[in-house]
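Worksheet: one structure, shown below.
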Number of protein chains: 2
Amino acid sequence: MARAGLTAERLTQAAAELADEVGFENVTVSALARHFGVKDASLYSHIRNAHDLRVRLAVLALAEMADRVSDALAGRSGKDALVAFAQAYRSYAHEHPGRYAAAQMVLDPDTAALSAASKHAEMTRAILRGYDLWEPDQTDAVRLLHSTFHGYVSLERAGAFHSHPRGVEASWTRALDALDSLLRAWP
Amino acid sequence: MARAGLTAERLTQAAAELADEVGFENVTVSALARHFGVKDASLYSHIRNAHDLRVRLAVLALAEMADRVSDALAGRSGKDALVAFAQAYRSYAHEHPGRYAAAQMVLDPDTAALSAASKHAEMTRAILRGYDLWEPDQTDAVRLLHSTFHGYVSLERAGAFHSHPRGVEASWTRALDALDSLLRAWP
DNA sequence: ATGATTTGCCTAGGACCTCTAGGTAAGCCT
DNA sequence: AGGCTTACCTAGAGGTCCTAGGCAAATCAT
(Lines give C-alpha, C1' and ligand atoms only; values in the text may rest on other atoms or scores of the structure.)
Protein backbone atom coordinates (compact mmCIF):
# COMPACT_ATOMS: atom_id res chain seq x y z
CA MET A 1 0.00 0.00 0.00
CA ALA A 2 1.65 3.22 -1.16
CA ARG A 3 0.93 6.26 0.99
CA ALA A 4 -0.72 9.31 -0.43
CA GLY A 5 1.75 11.67 1.24
CA LEU A 6 -0.77 13.98 2.82
CA THR A 7 0.18 17.11 4.72
CA ALA A 8 -1.90 19.98 6.01
CA GLU A 9 -0.41 22.17 3.25
CA ARG A 10 -1.26 19.80 0.41
CA LEU A 11 -4.76 19.39 1.82
CA THR A 12 -5.25 23.14 2.00
CA GLN A 13 -3.97 23.62 -1.53
CA ALA A 14 -6.28 20.91 -2.86
CA ALA A 15 -9.16 22.39 -0.89
CA ALA A 16 -8.51 25.74 -2.57
CA GLU A 17 -8.69 24.19 -6.03
CA LEU A 18 -11.80 22.29 -5.01
CA ALA A 19 -13.40 25.46 -3.71
CA ASP A 20 -12.91 27.24 -7.03
CA GLU A 21 -14.39 24.29 -8.88
CA VAL A 22 -17.41 23.40 -6.80
CA GLY A 23 -17.87 26.37 -4.48
CA PHE A 24 -16.65 27.04 -0.98
CA GLU A 25 -19.72 25.56 0.69
CA ASN A 26 -19.06 22.24 -1.00
CA VAL A 27 -15.55 21.88 0.33
CA THR A 28 -16.05 18.91 2.62
CA VAL A 29 -13.71 16.53 4.35
CA SER A 30 -15.28 13.68 2.40
CA ALA A 31 -14.81 15.34 -0.98
CA LEU A 32 -11.20 16.08 -0.17
CA ALA A 33 -10.58 12.50 0.93
CA ARG A 34 -12.13 11.25 -2.31
CA HIS A 35 -9.82 13.54 -4.27
CA PHE A 36 -6.77 11.91 -2.69
CA GLY A 37 -8.23 8.42 -2.84
CA VAL A 38 -8.13 7.90 0.91
CA LYS A 39 -10.74 7.45 3.62
CA ASP A 40 -12.29 10.42 5.42
CA ALA A 41 -10.78 9.44 8.73
CA SER A 42 -7.26 9.67 7.31
CA LEU A 43 -7.48 13.45 7.05
CA TYR A 44 -8.02 13.95 10.74
CA SER A 45 -4.35 13.45 11.56
CA HIS A 46 -3.58 16.54 9.48
CA ILE A 47 -6.53 18.79 10.19
CA ARG A 48 -8.47 19.11 13.43
CA ASN A 49 -11.92 19.16 11.85
CA ALA A 50 -13.88 20.53 8.92
CA HIS A 51 -13.88 24.04 10.33
CA ASP A 52 -10.12 23.97 10.74
CA LEU A 53 -9.79 23.01 7.08
CA ARG A 54 -11.92 25.95 6.01
CA VAL A 55 -10.00 28.35 8.20
CA ARG A 56 -6.71 27.19 6.65
CA LEU A 57 -8.24 27.77 3.25
CA ALA A 58 -9.34 31.26 4.27
CA VAL A 59 -5.85 32.10 5.50
CA LEU A 60 -4.36 30.83 2.24
CA ALA A 61 -6.74 32.97 0.21
CA LEU A 62 -6.05 36.06 2.29
CA ALA A 63 -2.32 35.61 1.80
CA GLU A 64 -2.67 35.11 -1.95
CA MET A 65 -4.81 38.21 -2.26
CA ALA A 66 -2.38 40.25 -0.23
CA ASP A 67 0.46 39.14 -2.51
CA ARG A 68 -1.43 40.04 -5.64
CA VAL A 69 -2.50 43.41 -4.39
CA SER A 70 0.97 44.11 -3.11
CA ASP A 71 2.47 43.37 -6.53
CA ALA A 72 -0.12 45.51 -8.27
CA LEU A 73 0.59 48.39 -5.96
CA ALA A 74 4.35 48.41 -6.42
CA GLY A 75 5.61 51.71 -7.78
CA ARG A 76 2.21 53.31 -8.15
CA SER A 77 0.48 56.10 -6.31
CA GLY A 78 -2.66 58.21 -6.45
CA LYS A 79 -5.41 57.12 -8.80
CA ASP A 80 -3.00 54.74 -10.48
CA ALA A 81 -2.60 52.88 -7.21
CA LEU A 82 -6.31 52.98 -6.47
CA VAL A 83 -7.19 51.42 -9.80
CA ALA A 84 -4.41 48.84 -9.60
CA PHE A 85 -5.55 47.79 -6.14
CA ALA A 86 -9.16 47.55 -7.20
CA GLN A 87 -8.40 45.55 -10.35
CA ALA A 88 -6.15 43.12 -8.48
CA TYR A 89 -8.79 42.64 -5.80
CA ARG A 90 -11.62 42.11 -8.26
CA SER A 91 -9.71 39.89 -10.65
CA TYR A 92 -8.68 37.61 -7.80
CA ALA A 93 -12.32 37.27 -6.81
CA HIS A 94 -13.29 36.43 -10.39
CA GLU A 95 -10.51 33.93 -10.98
CA HIS A 96 -10.88 32.27 -7.60
CA PRO A 97 -14.50 32.52 -6.52
CA GLY A 98 -14.19 29.70 -4.01
CA ARG A 99 -11.10 31.14 -2.38
CA TYR A 100 -12.65 34.59 -2.35
CA ALA A 101 -15.68 33.20 -0.54
CA ALA A 102 -13.36 31.51 1.92
CA ALA A 103 -11.59 34.81 2.56
CA GLN A 104 -14.91 36.24 3.79
CA MET A 105 -15.11 33.76 6.65
CA VAL A 106 -15.45 35.19 10.10
CA LEU A 107 -12.11 34.34 11.70
CA ASP A 108 -11.56 34.45 15.41
CA PRO A 109 -9.42 37.45 16.44
CA ASP A 110 -6.22 35.43 17.02
CA THR A 111 -6.29 33.78 13.61
CA ALA A 112 -7.22 37.04 11.94
CA ALA A 113 -4.26 38.80 13.55
CA LEU A 114 -1.83 36.14 12.32
CA SER A 115 -3.31 36.09 8.84
CA ALA A 116 -2.71 38.54 6.04
CA ALA A 117 -5.97 40.33 6.83
CA SER A 118 -4.08 43.09 8.61
CA LYS A 119 -1.73 43.48 5.65
CA HIS A 120 -4.79 44.24 3.59
CA ALA A 121 -5.80 47.29 5.60
CA GLU A 122 -2.19 48.41 5.63
CA MET A 123 -2.03 48.33 1.85
CA THR A 124 -5.29 50.17 1.45
CA ARG A 125 -3.68 52.81 3.62
CA ALA A 126 -0.74 52.93 1.23
CA ILE A 127 -3.06 54.03 -1.56
CA LEU A 128 -4.10 57.01 0.47
CA ARG A 129 -0.57 58.36 0.64
CA GLY A 130 -1.20 59.78 -2.81
CA TYR A 131 -4.13 61.75 -1.43
CA ASP A 132 -4.21 64.42 1.22
CA LEU A 133 -5.82 62.45 4.04
CA TRP A 134 -4.91 62.13 7.70
CA GLU A 135 -6.30 60.35 10.70
CA PRO A 136 -9.07 59.72 11.44
CA ASP A 137 -10.20 60.46 7.88
CA GLN A 138 -7.70 57.92 6.62
CA THR A 139 -9.29 55.08 8.56
CA ASP A 140 -12.74 56.15 7.44
CA ALA A 141 -11.58 56.18 3.83
CA VAL A 142 -9.89 52.79 4.15
CA ARG A 143 -13.14 51.34 5.43
CA LEU A 144 -15.15 52.98 2.70
CA LEU A 145 -12.86 51.70 -0.05
CA HIS A 146 -12.72 48.21 1.35
CA SER A 147 -16.50 48.15 1.76
CA THR A 148 -17.11 49.31 -1.78
CA PHE A 149 -14.69 46.87 -3.38
CA HIS A 150 -15.97 43.95 -1.38
CA GLY A 151 -19.59 44.97 -1.79
CA TYR A 152 -19.30 45.41 -5.54
CA VAL A 153 -17.58 42.10 -6.12
CA SER A 154 -19.91 40.25 -3.85
CA LEU A 155 -23.10 41.70 -5.34
CA GLU A 156 -21.72 41.11 -8.80
CA ARG A 157 -21.14 37.44 -8.00
CA ALA A 158 -24.60 37.17 -6.49
CA GLY A 159 -26.05 38.37 -9.77
CA ALA A 160 -27.52 41.53 -8.28
CA PHE A 161 -26.55 43.62 -11.29
CA HIS A 162 -27.99 41.40 -14.00
CA SER A 163 -31.40 43.02 -13.83
CA HIS A 164 -30.15 46.08 -15.70
CA PRO A 165 -28.47 46.13 -19.12
CA ARG A 166 -25.83 48.71 -18.18
CA GLY A 167 -22.45 46.96 -18.34
CA VAL A 168 -21.03 45.79 -15.05
CA GLU A 169 -17.56 46.71 -16.29
CA ALA A 170 -18.56 50.25 -17.16
CA SER A 171 -20.15 50.83 -13.75
CA TRP A 172 -17.02 49.52 -12.10
CA THR A 173 -14.81 51.95 -13.98
CA ARG A 174 -17.12 54.80 -13.09
CA ALA A 175 -17.11 53.71 -9.45
CA LEU A 176 -13.34 53.95 -9.39
CA ASP A 177 -13.49 57.40 -10.99
CA ALA A 178 -16.00 58.42 -8.37
CA LEU A 179 -13.91 57.11 -5.50
CA ASP A 180 -10.85 58.88 -6.84
CA SER A 181 -12.63 62.19 -7.04
CA LEU A 182 -14.10 61.58 -3.60
CA LEU A 183 -10.65 61.01 -2.09
CA ARG A 184 -9.28 64.12 -3.78
CA ALA A 185 -12.06 66.23 -2.28
CA TRP A 186 -12.79 64.45 1.00
CA PRO A 187 -15.53 66.42 2.75
CA MET B 1 -52.42 13.02 18.17
CA ALA B 2 -52.97 16.77 17.69
CA ARG B 3 -51.55 18.22 14.50
CA ALA B 4 -48.94 20.90 14.57
CA GLY B 5 -50.64 22.92 11.86
CA LEU B 6 -47.64 23.37 9.61
CA THR B 7 -47.70 25.46 6.48
CA ALA B 8 -44.90 26.68 4.25
CA GLU B 9 -45.43 30.18 5.66
CA ARG B 10 -45.17 29.14 9.30
CA LEU B 11 -42.09 27.08 8.50
CA THR B 12 -40.46 30.02 6.76
CA GLN B 13 -41.27 32.35 9.63
CA ALA B 14 -39.85 29.93 12.17
CA ALA B 15 -36.79 29.41 9.98
CA ALA B 16 -36.25 33.17 10.01
CA GLU B 17 -36.32 33.29 13.80
CA LEU B 18 -34.04 30.29 13.94
CA ALA B 19 -31.62 31.92 11.51
CA ASP B 20 -31.31 35.01 13.70
CA GLU B 21 -30.69 32.84 16.74
CA VAL B 22 -28.25 30.24 15.48
CA GLY B 23 -27.04 31.61 12.16
CA PHE B 24 -28.26 31.06 8.62
CA GLU B 25 -25.93 28.12 7.95
CA ASN B 26 -27.46 26.26 10.88
CA VAL B 27 -31.01 26.46 9.58
CA THR B 28 -31.64 22.79 8.85
CA VAL B 29 -34.74 20.79 8.15
CA SER B 30 -34.02 18.71 11.24
CA ALA B 31 -33.69 21.71 13.53
CA LEU B 32 -36.93 23.13 12.20
CA ALA B 33 -38.74 19.81 12.70
CA ARG B 34 -37.45 19.66 16.28
CA HIS B 35 -38.76 23.16 16.87
CA PHE B 36 -42.27 22.07 15.91
CA GLY B 37 -41.99 18.71 17.65
CA VAL B 38 -42.51 16.71 14.48
CA LYS B 39 -40.39 14.32 12.45
CA ASP B 40 -38.10 15.57 9.69
CA ALA B 41 -40.06 13.79 7.01
CA SER B 42 -43.20 15.73 7.90
CA LEU B 43 -41.77 18.95 6.55
CA TYR B 44 -41.33 17.61 3.06
CA SER B 45 -45.00 17.99 2.23
CA HIS B 46 -44.64 21.74 2.75
CA ILE B 47 -41.17 22.42 1.36
CA ARG B 48 -39.48 20.68 -1.55
CA ASN B 49 -36.09 20.31 0.11
CA ALA B 50 -33.59 22.13 2.33
CA HIS B 51 -32.59 24.51 -0.46
CA ASP B 52 -36.20 25.43 -1.09
CA LEU B 53 -36.57 26.30 2.60
CA ARG B 54 -33.54 28.59 2.45
CA VAL B 55 -34.77 30.27 -0.70
CA ARG B 56 -38.13 30.98 0.94
CA LEU B 57 -36.26 32.46 3.88
CA ALA B 58 -34.21 34.65 1.55
CA VAL B 59 -37.34 35.89 -0.19
CA LEU B 60 -38.93 36.69 3.18
CA ALA B 61 -35.87 38.65 4.26
CA LEU B 62 -35.72 40.59 1.00
CA ALA B 63 -39.37 41.55 1.36
CA GLU B 64 -38.92 42.64 4.98
CA MET B 65 -35.93 44.76 4.09
CA ALA B 66 -37.75 46.35 1.20
CA ASP B 67 -40.64 47.25 3.53
CA ARG B 68 -38.37 48.79 6.09
CA VAL B 69 -36.42 50.79 3.59
CA SER B 70 -39.60 51.88 1.90
CA ASP B 71 -41.00 53.17 5.20
CA ALA B 72 -37.78 54.95 6.04
CA LEU B 73 -37.75 56.63 2.65
CA ALA B 74 -41.29 57.98 2.80
CA GLY B 75 -41.40 61.74 2.52
CA ARG B 76 -37.65 62.23 2.42
CA SER B 77 -35.31 63.32 -0.30
CA GLY B 78 -31.68 64.22 -0.87
CA LYS B 79 -29.23 63.46 1.91
CA ASP B 80 -32.12 62.89 4.28
CA ALA B 81 -33.29 60.02 2.10
CA LEU B 82 -29.78 58.68 1.65
CA VAL B 83 -29.18 58.51 5.39
CA ALA B 84 -32.61 57.05 6.10
CA PHE B 85 -32.08 54.33 3.52
CA ALA B 86 -28.66 53.48 4.85
CA GLN B 87 -29.77 53.37 8.47
CA ALA B 88 -32.76 51.18 7.68
CA TYR B 89 -30.58 48.83 5.67
CA ARG B 90 -27.88 48.57 8.30
CA SER B 91 -30.20 48.29 11.28
CA TYR B 92 -32.06 45.44 9.63
CA ALA B 93 -28.79 43.62 9.14
CA HIS B 94 -27.87 44.16 12.79
CA GLU B 95 -31.22 43.13 14.20
CA HIS B 96 -31.62 40.15 11.90
CA PRO B 97 -28.18 38.79 11.09
CA GLY B 98 -29.52 35.40 10.03
CA ARG B 99 -32.11 36.86 7.70
CA TYR B 100 -29.60 39.31 6.30
CA ALA B 101 -27.27 36.41 5.52
CA ALA B 102 -30.18 34.64 3.85
CA ALA B 103 -30.88 37.70 1.73
CA GLN B 104 -27.38 37.38 0.25
CA MET B 105 -28.14 33.98 -1.24
CA VAL B 106 -27.61 33.62 -4.94
CA LEU B 107 -31.14 33.21 -6.27
CA ASP B 108 -31.88 31.88 -9.70
CA PRO B 109 -33.06 34.63 -12.07
CA ASP B 110 -36.75 33.65 -11.95
CA THR B 111 -36.96 33.69 -8.19
CA ALA B 112 -34.98 36.91 -8.02
CA ALA B 113 -37.35 38.59 -10.43
CA LEU B 114 -40.38 37.60 -8.36
CA SER B 115 -38.76 38.63 -5.09
CA ALA B 116 -38.40 42.10 -3.68
CA ALA B 117 -34.81 42.31 -4.92
CA SER B 118 -35.89 44.45 -7.83
CA LYS B 119 -37.83 46.75 -5.54
CA HIS B 120 -34.57 47.36 -3.77
CA ALA B 121 -32.81 48.79 -6.80
CA GLU B 122 -35.90 50.83 -7.59
CA MET B 123 -35.82 52.43 -4.16
CA THR B 124 -32.15 53.18 -4.34
CA ARG B 125 -33.04 54.97 -7.54
CA ALA B 126 -35.64 56.99 -5.65
CA ILE B 127 -32.91 58.43 -3.45
CA LEU B 128 -31.17 59.79 -6.48
CA ARG B 129 -34.10 61.93 -7.47
CA GLY B 130 -32.84 64.43 -4.92
CA TYR B 131 -29.57 64.64 -6.80
CA ASP B 132 -28.87 65.76 -10.32
CA LEU B 133 -28.14 62.39 -11.90
CA TRP B 134 -29.35 60.81 -15.12
CA GLU B 135 -28.76 57.60 -16.97
CA PRO B 136 -26.37 55.90 -17.16
CA ASP B 137 -24.83 57.72 -14.19
CA GLN B 138 -27.90 56.86 -12.15
CA THR B 139 -27.38 53.13 -12.55
CA ASP B 140 -23.70 53.48 -11.76
CA ALA B 141 -24.54 55.41 -8.62
CA VAL B 142 -27.18 52.89 -7.56
CA ARG B 143 -24.62 50.12 -7.87
CA LEU B 144 -22.02 52.09 -5.97
CA LEU B 145 -24.39 52.87 -3.12
CA HIS B 146 -25.68 49.33 -2.88
CA SER B 147 -22.12 47.98 -2.94
CA THR B 148 -20.96 50.29 -0.23
CA PHE B 149 -23.88 49.62 2.09
CA HIS B 150 -23.67 45.89 1.64
CA GLY B 151 -19.90 45.86 1.82
CA TYR B 152 -19.78 47.92 5.00
CA VAL B 153 -22.38 45.87 6.82
CA SER B 154 -20.87 42.61 5.73
CA LEU B 155 -17.30 43.53 6.67
CA GLU B 156 -18.55 44.93 9.94
CA ARG B 157 -20.25 41.64 10.76
CA ALA B 158 -17.13 39.72 9.76
CA GLY B 159 -15.17 41.71 12.30
CA ALA B 160 -12.94 43.32 9.68
CA PHE B 161 -13.00 46.67 11.43
CA HIS B 162 -12.10 45.52 14.91
CA SER B 163 -8.39 45.80 14.29
CA HIS B 164 -8.52 49.58 14.57
CA PRO B 165 -9.87 51.58 17.52
CA ARG B 166 -11.68 54.17 15.39
CA GLY B 167 -15.40 53.78 16.07
CA VAL B 168 -17.35 51.81 13.51
CA GLU B 169 -20.29 54.17 13.99
CA ALA B 170 -18.20 57.27 13.31
CA SER B 171 -16.77 55.80 10.11
CA TRP B 172 -20.26 54.91 8.97
CA THR B 173 -21.51 58.46 9.47
CA ARG B 174 -18.52 59.81 7.61
CA ALA B 175 -19.09 57.32 4.80
CA LEU B 176 -22.62 58.65 4.37
CA ASP B 177 -21.32 62.21 4.33
CA ALA B 178 -18.81 61.20 1.72
CA LEU B 179 -21.41 59.48 -0.46
CA ASP B 180 -23.69 62.51 -0.21
CA SER B 181 -20.98 64.87 -1.35
CA LEU B 182 -20.02 62.42 -4.08
CA LEU B 183 -23.57 62.33 -5.42
CA ARG B 184 -23.80 66.12 -5.33
CA ALA B 185 -20.63 66.42 -7.39
CA TRP B 186 -20.70 63.29 -9.52
CA PRO B 187 -17.62 63.43 -11.77
C1' DA C 1 20.68 -5.26 8.34
C1' DT C 2 17.54 -5.71 12.08
C1' DG C 3 14.87 -4.12 15.66
C1' DA C 4 12.38 -0.06 17.74
C1' DT C 5 9.75 4.03 17.14
C1' DT C 6 7.00 7.06 14.84
C1' DT C 7 3.46 8.18 11.87
C1' DG C 8 0.24 7.51 7.87
C1' DC C 9 -3.67 5.36 6.62
C1' DC C 10 -6.95 1.79 7.73
C1' DT C 11 -11.60 -0.38 9.68
C1' DA C 12 -15.45 0.07 12.60
C1' DG C 13 -18.92 2.59 14.22
C1' DG C 14 -21.87 6.47 16.30
C1' DA C 15 -24.27 10.86 15.64
C1' DC C 16 -26.63 13.99 12.69
C1' DC C 17 -28.73 15.69 8.31
C1' DT C 18 -31.32 14.94 3.80
C1' DC C 19 -34.86 12.88 1.40
C1' DT C 20 -38.16 8.97 -0.55
C1' DA C 21 -41.86 5.57 -0.24
C1' DG C 22 -45.65 4.15 1.67
C1' DG C 23 -48.95 3.96 5.76
C1' DT C 24 -52.30 5.74 9.33
C1' DA C 25 -55.27 8.90 11.21
C1' DA C 26 -57.21 13.59 11.78
C1' DG C 27 -60.18 16.97 9.90
C1' DC C 28 -63.54 18.62 6.36
C1' DC C 29 -67.54 17.93 3.22
C1' DT C 30 -71.81 16.04 2.00
C1' DA D 1 -71.81 8.39 9.22
C1' DG D 2 -69.08 7.69 5.21
C1' DG D 3 -65.60 9.31 2.08
C1' DC D 4 -61.95 12.38 0.72
C1' DT D 5 -58.05 15.08 1.43
C1' DT D 6 -54.03 15.96 3.74
C1' DA D 7 -51.06 16.23 7.88
C1' DC D 8 -48.01 13.59 10.06
C1' DC D 9 -46.02 9.02 10.82
C1' DT D 10 -42.47 4.86 10.38
C1' DA D 11 -38.82 2.78 7.90
C1' DG D 12 -34.85 3.11 5.64
C1' DA D 13 -31.03 4.54 2.33
C1' DG D 14 -27.21 7.57 1.59
C1' DG D 15 -24.14 11.33 2.83
C1' DT D 16 -21.02 14.14 6.07
C1' DC D 17 -18.42 14.58 10.47
C1' DC D 18 -15.61 12.65 13.72
C1' DT D 19 -13.48 9.21 17.42
C1' DA D 20 -11.15 5.00 18.86
C1' DG D 21 -8.16 1.71 18.09
C1' DG D 22 -5.23 -1.29 14.76
C1' DC D 23 -1.75 -2.46 11.30
C1' DA D 24 1.91 -1.44 8.34
C1' DA D 25 5.15 1.68 6.03
C1' DA D 26 8.77 4.83 6.64
C1' DT D 27 12.47 6.40 9.58
C1' DC D 28 15.92 5.93 12.95
C1' DA D 29 19.22 3.39 16.21
C1' DT D 30 22.25 -0.02 16.93
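The values are calculated or read from the model by the stated rules, or taken from the named source; none is laboratory data. This one's a predicted model, so the numbers in the text were calculated from it and none came from an experiment. Backbone-built Cβ (ideal geometry, glycine too); neighbour counts: all protein chains shown. Calculation scope for accessible area: heavy atoms of the full protein, side chains included, ligands and nucleic acids excluded. Shrake-Rupley method; radii C 1.70, N 1.55, O 1.52, S 1.80 Å.
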(message) Restricting to the range B:8-54, name every residue that is without any contact (Cβ under 8 Å) to a residue 60 or more places away in the chain, more than 7 Å from DNA strand D (Cβ to nearest atom) and of a type in the set (Val, Ile, Thr).
(response) B:12, B:28, B:29, B:47
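Taking residue A:74 as the residue in question, decide whether it is among the hydrophobic types (A, V, I, L, M, F, W, C) and open to solvent by less than 60 Å² (accessible area, probe 1.4 Å). Break it down into steps so the answer makes sense when it comes.
Working: among the hydrophobic types (A, V, I, L, M, F, W, C): yes; open to solvent by less than 60 Å² (accessible area, probe 1.4 Å): no.
So residue A:74 fails the test.
I'm trying to understand the selection: among the residues of the range B:154-169, which are outside any loop (DSSP other than H, G, I, E, B), open to solvent by less than 40 Å² (accessible area, probe 1.4 Å) and of a type outside the set (S, T, N, Q)? Step through it out loud before you land on a result.
Step one: of the range B:154-169, the residues outside any loop (DSSP other than H, G, I, E, B) are B:154-157, B:168-169.
From what is left, the residues that are open to solvent by less than 40 Å² (accessible area, probe 1.4 Å) are B:154-156, B:168.
Across the range B:154-169, the qualifying residues are B:155, B:156, B:168.
For residue A:25, are the conditions met, namely being within 27 Å of residue B:153 (Cβ to Cβ), touching a helix residue (DSSP H, G or I) at 6+ places or on another chain (Cβ under 8 Å) and either assigned to a loop (DSSP other than H, G, I, E, B) or open to solvent by 30 Å² or more (accessible area, probe 1.4 Å) (or both)?
Numbers: within 27 Å of residue B:153 (Cβ to Cβ): yes; touching a helix residue (DSSP H, G or I) at 6+ places or on another chain (Cβ under 8 Å): yes; either assigned to a loop (DSSP other than H, G, I, E, B) or open to solvent by 30 Å² or more (accessible area, probe 1.4 Å) (or both): yes.
For residue A:25, the condition - within 27 Å of residue B:153 (Cβ to Cβ), touching a helix residue (DSSP H, G or I) at 6+ places or on another chain (Cβ under 8 Å) and either assigned to a loop (DSSP other than H, G, I, E, B) or open to solvent by 30 Å² or more (accessible area, probe 1.4 Å) (or both) - is met.
Of the residues in the range A:125-144, how many are part of a loop (DSSP other than H, G, I, E, B) and within 20 Å of the chain's Cα centre (by Cα)? Spell out how you get there, then give the answer.
Residues of the range A:125-144 that are part of a loop (DSSP other than H, G, I, E, B), as a first pass: A:131-136.
From what is left, the residues that are within 20 Å of the chain's Cα centre (by Cα) are none.
Counting residues in the range A:125-144 that are part of a loop (DSSP other than H, G, I, E, B) and within 20 Å of the chain's Cα centre (by Cα) gives 0.
Would you point out which residue out of A:78, A:98 is closer than 24 Å to residue B:175 by Cα, among the small types (Gly, Ala, Ser) and away from chain B (no Cβ under 12 Å)? I'd like the intermediate steps shown before the answer.
Details: A:98 fails: closer than 24 Å to residue B:175 by Cα.
Selected residue: A:78, the only one of A:78, A:98 that is closer than 24 Å to residue B:175 by Cα, among the small types (Gly, Ala, Ser) and away from chain B (no Cβ under 12 Å).
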(message) Take the residues in the range B:147-165 that are at pLDDT 95 or above and in contact with a Leu (Cβ under 7 Å, 6 or more places away or on another chain); name whichever of them is nearest to residue A:110 (Cα to Cα).
(response) B:150
(request) For the range B:22-53, name all the residues that are more than 9 Å from DNA strand C (Cβ to nearest atom) and over 30 Å from residue B:84 (Cβ atoms). (result) B:22, B:25, B:35, B:36, B:37, B:38, B:46
(request) Filter the range A:119-152 for residues that are closer than 20 Å to residue B:176 by Cα and of a type in the set (A, V, I, L, M, F, W, C) and give the result. (result) A:128, A:133, A:134, A:141, A:142, A:144, A:145, A:149
(message) Looking for something open to solvent by 70 Å² or more (accessible area, probe 1.4 Å), in contact with a Gly (Cβ under 6 Å, 6 or more places away or on another chain) and not β-branched (Val, Ile, Thr) - is there at least one such residue anywhere in the range B:32-47?
(response) no
(request) Please identify the pairs in which a residue from the range B:129-152 that is within 8 Å of another protein chain (Cβ to nearest Cβ) has its Cβ atom under 6 Å from the Cβ atom of a residue that is open to solvent by 40 Å² or more (accessible area, probe 1.4 Å) and charged (D, E, K, R), counting only partners at least 6 apart or on another chain. (result) B:136/A:166; B:139/A:166; B:140/A:174
(message) Which numbered condition in (1) within 16 Å of DNA strand C (Cβ to nearest atom); (2) part of a helix (DSSP H, G or I); (3) within 21 Å of residue A:103 (Cβ to Cβ) is the only one that residue A:60 fails?
(response) (1)
(request) Return only the number of the condition from (1) modelled with pLDDT of 95 or more; (2) on the phi > 0 side of the Ramachandran plot that residue A:5 does not satisfy. (result) (1)
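Going by what's in this entry, would residue B:3 be described as in contact (Cβ under 8 Å) with a residue 24 or more places away in the chain and either assigned to a loop (DSSP other than H, G, I, E, B) or within 13 Å of DNA strand C (Cβ to nearest atom) (or both)? Don't jump to the end; show me each part of the working.
Values: in contact (Cβ under 8 Å) with a residue 24 or more places away in the chain: no; either assigned to a loop (DSSP other than H, G, I, E, B) or within 13 Å of DNA strand C (Cβ to nearest atom) (or both): yes.
Against the criterion (in contact (Cβ under 8 Å) with a residue 24 or more places away in the chain and either assigned to a loop (DSSP other than H, G, I, E, B) or within 13 Å of DNA strand C (Cβ to nearest atom) (or both)), residue B:3 does not qualify.
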